[in-house]
Amino acid sequence: MIDLSGQRVLVTGASSGIGAATSRLFARAGAAVLVCYRNGRARAEALLDELRQISAQPHQAFGADLASSSEVDELFRHVERHWGRLDCLVNNAGIWRPNPIDQLDEAELVALLDANVRACFLTVARAVALLRESPHGNIVNITSTAGQRGEAGYSPYAASKGAMIAATKSWSTELAPKVRVNSVAPGWVETPMNVQPFAGGGRDRIAAEIPLGRIATADEIAGPILFLASPLASDITGEILNVNGGSVLCG
Ligand code: NAD
């Protein structure tokens, strides 16, 4: 039912986890995908090969640290040179690290806010002009339960996702009516980000606290991202779509 044929979609943090699942799903829906990665060049190139098997659209891969404005500029020069348009931006890149407030590590605080907030702002700022020219222009920011209910021991992460939620709501009216801006808020997802907490029985302990009783797959997050980017969501903007098995209600 969802046909994004010919649309151009930039997915950040796309070489692994939710970003990789999202890239595959958008390619299956007919879109051309730009797999934007930071360190995972080999994984990004393998994913690019997969996308080219899925469709003959002009998929791309590009490496950039999105916390650097000059690298974001290079990314968008690539988009302009190869596509000349952009229909959807999925702001998915991010990091999750502990930083207890009574032992605050300032360098870690800055690194986290750079990766999760600065990167998102720089990317959106550069994307807006292209998105405004598209008849489908929209942004999906990947936030978290943490940005709504907080996360003990991880307050910089929770604050960064809260900032993205506030930015989603701000941009949804600031960029209307040309560009829709929404967010998907996952809870616990099976991705490389969670190898450590899921080890040694952690997965079962965490799943037991989720109302639906299990950890989401990356594909289960990709589906709602595609929905928000699609014509099925044409009257939705400023929405924070909770996709977390009901976790946002607890804690
Ligand atoms: P992941 O670690 O597989 O993916 C995150 C990606 O972001 C990585 O590929 C990483 O290289 C990239 N990235 C980080 N900093 C970057 C930077 N400065 N420039 C460019 N790329 C950068 O983890 P994931 O679980 O797929 O995470 C995707 C998003 O989902 C993140 O924003 C994360 O906060 C959010 N999220 C994840 C979960 C979860 O349980 N996995 C829960 C809620 C929200």
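Of everything in the stretch 148-168 that's of a type outside the set (A, V, I, L, M) and over 15 Å from the mean Cα position of the chain (by Cα), which residue is surrounded by the fewest Cβ atoms within 10 Å (Cβ to Cβ)?
153
Specify which of the listed residues (109, 89, 104) is modelled with pLDDT of 95 or more and surrounded by 22 or more Cβ atoms within 10 Å (Cβ to Cβ).
89
All but one of (1) over 13 Å from the mean Cα position of the chain (by Cα); (2) in a loop (DSSP other than H, G, I, E, B) hold for residue 66; which doesn't?
Tallying (1) over 13 Å from the mean Cα position of the chain (by Cα); (2) in a loop (DSSP other than H, G, I, E, B), residue 66 fails exactly one: (1).
Out of all the residues in the stretch 228-237, is one or more in contact with a helix residue (DSSP H, G or I) (Cβ under 7 Å, 6 or more places away or on another chain), at pLDDT 95 or above and on the phi > 0 side of the Ramachandran plot?
No, the stretch 228-237 contains no residue that is in contact with a helix residue (DSSP H, G or I) (Cβ under 7 Å, 6 or more places away or on another chain), at pLDDT 95 or above and on the phi > 0 side of the Ramachandran plot.
Picking from 41, 8, which residue would you name as being of a type outside the set (Phe, Trp, Tyr), more than 10 Å from the ligand (Cβ to nearest atom) and surrounded by 24 or more Cβ atoms within 10 Å (Cβ to Cβ)?
8
Among the residues of the stretch 210-225, which ones are closer than 20 Å to residue 10 by Cβ and touching a Gly at 6+ places or on another chain (Cβ under 8 Å)?
Result: 218, single match.
Within the stretch 173-192, how many residues are part of a loop (DSSP other than H, G, I, E, B) and either within 16 Å of the ligand (Cβ to nearest atom) or of a type in the set (Val, Ile, Thr) (or both)?
5
Search the stretch 82-121 for residues being more than 10 Å from the ligand (Cβ to nearest atom), in a helix (DSSP H, G or I) and aliphatic (A, V, I, L, M), and hand back the single one that is farthest from residue 30 (Cα to Cα).
Checking each candidate, the answer is 101.
What do you reckon, is residue 132 part of a helix (DSSP H, G or I), within 20 Å of residue 73 (Cα to Cα), among the charged types (D, E, K, R) and near the ligand (Cβ under 10 Å from one of its atoms)?
no
The values are calculated or read from the model by the stated rules, or taken from the named source; none is laboratory data. Everything numeric here is computed off the predicted structure, so don't read it as measured data. Cβ coordinates were reconstructed from backbone atoms using ideal geometry, including for glycine residues, and neighbour counts include every protein chain displayed.
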